[in-house]
Every structure is written in C-alpha cells, then in structure tokens.
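A.B. asks: Quick one: the structure is below, and I'll ask about it shortly.
Coordinate-derived values only; no laboratory data. Keep in mind it's a predicted model, so treat the numbers as computed, not measured. Cβ placement follows ideal geometry from the backbone for every residue including glycine, while neighbour counts extend to all protein chains displayed.
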Amino acid sequence: MNEDNINLNNIKVLITEAEIQNKLKTLAEKIEKEFPINEEICVICVLKGSVMFCADLVKHLKNMVQMEFIRISSYGNETKSSNNLQAIDLTLPNLADKNVLIVEDIIDTGLTARFLTDLFKIKHHPKKVLFISLLNKKCARQVEIEPDYYGFEVDDKFVVGYGLDYKGYFRNLPYIGYFPN
Ligand code: IMP
C-alpha cells in the first residue's frame, strides 16, 4: 500500500453504511434459525476488529444474549497477515453446553478462524458453535475454513472501516473502504 495515500480523503467506499445495516438484518434472521428464540446465546466478540459489527448485530437478536470479548492480533501494523497469531486475552466463562456465536470482522488467511474454531471445540465444549464474519476474503485463504455465515465477499485488497483498521486508524468509519493505488 502506498503510504502517501493513507488518509481519509483517499478512501474509496466499497460497502456502504446502508448495505451493512441491511445485511445485519439478514444475518440476524439466519442466526435466529440456528438458535431458537427461547435459547440463550453467548456471543463472543473478537476484538478489536469486530467491535462495530458485533455491537450492531446483537441489537437484532431476540434471544437472551450474554456478550464476551476476546482479543487476538495477527496483523500488527502491516497490511499482510503476520501468520503469527498473538492471543492477547482469551479469558472466557464456562461455556460448556452453551450456544456460542463467534463474531469476526473478516476471514483472510483463515488462521484466526481455524485457531478459534479448534479452541472452542477442544477447550470449551459448547452445545453448538456458529462462526459468523462480516467479510470473507476467500482469495487470501491459507487454511481450508469457511464461516457458517458471512456478510460480504471482498477481493484481495486491504479494507478499513466499521471496526477494521490500518495502524489503529479508521475503525470509526460507518462503511467499509479501501485505498486505491
Ligand atoms: P486471518 O487470521 O488472516 O484470517 O486474519 C484475521 C484478522 O486479520 C482479522 O480479524 C482482521 O483483524 C485482520 N485483517 C485481515 N484482513 C484485513 C483487512 O483487509 N483489513 C483490516 N484488517 C484485516
């Protein structure tokens, strides 16, 4: 990415705020089909990137929801995955026999998704785990894994906004954008 391009004026919108907000309703309907309304869900927000998506998505759920937060880092300050996951905080309550919804911002190489899926199955023994991601960068995949549901497929460009950052910036944007070369 050209560092001279990295400022708010150069961002091109890829997915609008309205498109995201509409998609939240569709995704919530899918979740409702998996977890009936009379069942509780423990929603796991994978920080920091999924903060906006998770916060908006849970507003559409009619179940009793408990929210938990874990923090993993894979990018550092770069635009390519370091392939070196850093589990910063994986503290969680007892999830045995619970419905768990893992909420991610984007699946890129798939390493984080693989790590989390394995972690929940091996360590937490939930009743059911559903993995949802706002974005899916299928073309960048290094391990074979797909979310149960995702909002939008994106091609191999670095995106920012709606929780996703570059060097800590741009998470506050209500849309998803990118910096053209
Ligand atoms: P993965 O382990 O390579 O699938 O990467 C997962 C994490 O990398 C995501 O949860 C994001 O935080 C970050 N990431 C991947 N692609 C992008 C991007 O295009 N923009 C911003 N962050 C990204």
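A.B. asks: From Cα pairs below 8 angstrom and at least 6 apart in sequence, can you work out the relative contact order of the chain, rounded to a whole percent?
C.D. replies: It comes to 26 percent, rounded to a whole number.
A.B. asks: Can you give the extra length, in nm with one decimal, that the chain gains between ARG71 and ASN9 once fully stretched, where that is 0.36 nm per residue apart less the Cα-Cα distance?
C.D. replies: Result for the pair: 19.3 nm of gain on full extension.
A.B. asks: Using a 10 Å cut-off around each Cβ, can you sort HIS124, HIS60 from fewest to most neighbouring Cβ atoms?
C.D. replies: HIS60, HIS124
A.B. asks: Find how many whole Å separate the alpha carbon centroid of region 43-84 from the alpha carbon centroid of region 147-181.
C.D. replies: Region 147-181 and region 43-84 have Cα centres separated by 13 Å.
A.B. asks: Compute the signed sum of charges (Lys and Arg +1, Asp and Glu -1) over the other residues within less than 12 Å, Cβ to Cβ, of THR109.
C.D. replies: Every neighbour counted, the sum reads +2.
A.B. asks: To continue, here is another question. Under a Cβ-Cβ limit of 4.7 Å, which cysteines in the chain have nobody to pair with?
C.D. replies: Among the cysteines of the chain, those whose Cβ sits 4.7 Å or more from every other are CYS42, CYS139.
A.B. asks: Then there's this: If each residue's Cβ is checked for other Cβ atoms within 10 Å, how do SER50, SER81 rank with the fewest at the top?
C.D. replies: SER81, SER50
A.B. asks: Running a GNM on the chain with Cα contacts under 10 Å, which residue among LEU130, LEU95, LEU57 ends up with the highest mean-square fluctuation?
C.D. replies: LEU95
A.B. asks: If R₀ is 22 angstrom, what is the calculated FRET efficiency for the pair ASP118 and TYR169, using the beta carbon separation as r and rounding to 0.05? Walk me through the intermediate numbers first.
C.D. replies: Numbers: r = 32 Å, r/R0 = 1.43.
With R0 = 22 Å, the Cβ-Cβ based efficiency is 0.10.
A.B. asks: Could you give the nm distance between label points at MET1 and ASP155, where each point is 7 Å from its Cα heading toward the beta carbon?
C.D. replies: In this crude spin-label approximation the distance works out to 1.8 nm.
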